[in-house]
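The values are calculated or read from the model by the stated rules, or taken from the named source; none is laboratory data. Just so you know, these numbers come straight off a predicted model, no measurement behind them. Neighbour counts are summed over all protein chains in view; Cβ atoms, including those assigned to glycine, are modelled from backbone coordinates with ideal geometry. Keep in mind that these areas ignore ligands, DNA and RNA; they rest on the heavy atoms of the full protein, side chains included. Shrake-Rupley method; radii C 1.70, N 1.55, O 1.52, S 1.80 Å.
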Amino acid sequence: MNLPMQIKGIIFDLDGTLVESSLDFDLIRQQIGCPQAIDLLKYVDSLNCKTTQAKANQVILAHEYQDAINAKPIKGMTELINAIEVAKLPTAIVTRNSLAASDMKIKKNNIAIDHVLTREDYPAKPAPDALLAIASQWEIAPQYIMYVGDYLYDIQAANNAGMIACLITHGIENRYQALADIVIDELSQLLPLLTPTEKC
């Protein structure tokens, strides 16, 4: 696995990356009247009627809450986070989830990452704002930070931030995986990146 350069920090997506998610986006779209071609969160933000917007947000939050109750860790998550801690690399989570749902998922699954940014903190991915904010806080140039996610928005956010884009596929090929710098089937494949190679 060839990397552009040394990794000095790792940021993770949450749903589908660190924890399993069963959010039914088609059902959510149906319930709030969001067309397929429009991003769900952008659609809600574009609603002119505040009452309608509030109701749409409540529908999304209800689905996220239910998903958080059922969330389980992705295979290899605990081992990877432990290895990152041993390697003394800073870690964070950037998610399109709400803060309430994110907190529940993180606590319920004992995810040892304290730095979490949600859609309530910065514009949602694929906007790079949250990723760049973390890079600034860490005082690490973006090109030395890897962002790990399972969806197109994750790759786009990493690319927009100038970070190393890592896509986890869970063994399912995606039409957009060519946009990623690194493609893995499972989290354990990142472990070798945390073991420094000896120099002769």
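Annotations
- Tally of residues being in contact with a Lys or Arg (Cβ under 8 Å, 6 or more places away or on another chain) and open to solvent by 20 Å² or more (accessible area, probe 1.4 Å) across segment 91-124: 3
- Pair list, Cβ < 9 Å and 6+ apart or interchain, from segment 68-79 residues that are open to solvent by 60 Å² or more (accessible area, probe 1.4 Å) to residues that are in a helix (DSSP H, G or I) and not aromatic (F, W, Y): I69/M104; I69/K108; K72/K108; K75/L187; K75/S188; E79/L187; E79/S188; E79/L191
- Qualifying residue in segment 90-111 (condition: assigned to a helix (DSSP H, G or I), under 24 Å from A180 (Cα atoms), in contact (Cβ under 8 Å) with a residue 12 or more places away in the chain and not aromatic (F, W, Y)): no
- Count - residues of segment 55-82 that are out of contact with any strand residue (DSSP E or B) (no Cβ under 9 Å at 6 or more places or on another chain), under 30 Å from L193 (Cβ atoms) and small (G, A, S): 1
- A37 fulfils the conditions (1) more than 22 Å from L152 (Cα to Cα); (2) open to solvent by 70 Å² or more (accessible area, probe 1.4 Å); (3) among the small types (G, A, S) except for a single criterion, (1).
- For segment 136-175, the candidate set comprises residues that are small (G, A, S) and buried (at least 18 other Cβ atoms within 10 Å of the Cβ); within that set, the residue that is farthest from the chain's Cα centre (by Cα) is A161.
- Selection count, segment 52-86, where residues are part of a helix (DSSP H, G or I) and at pLDDT 90 or above: 10
- Failed item in (1) more than 13 Å from G9 (Cα to Cα); (2) surrounded by fewer than 21 Cβ atoms within 10 Å (Cβ to Cβ), with K88 passing the rest: (1)
- Residue in segment 4-34 that is most open to solvent (accessible area, probe 1.4 Å), counting only those that are within 27 Å of A135 (Cα to Cα) and outside any loop (DSSP other than H, G, I, E, B): D15
- The set of residues from segment 103-160 being in contact with a Gly (Cβ under 7 Å, 6 or more places away or on another chain) and among the polar types (S, T, N, Q) comprises just one member, Q143.
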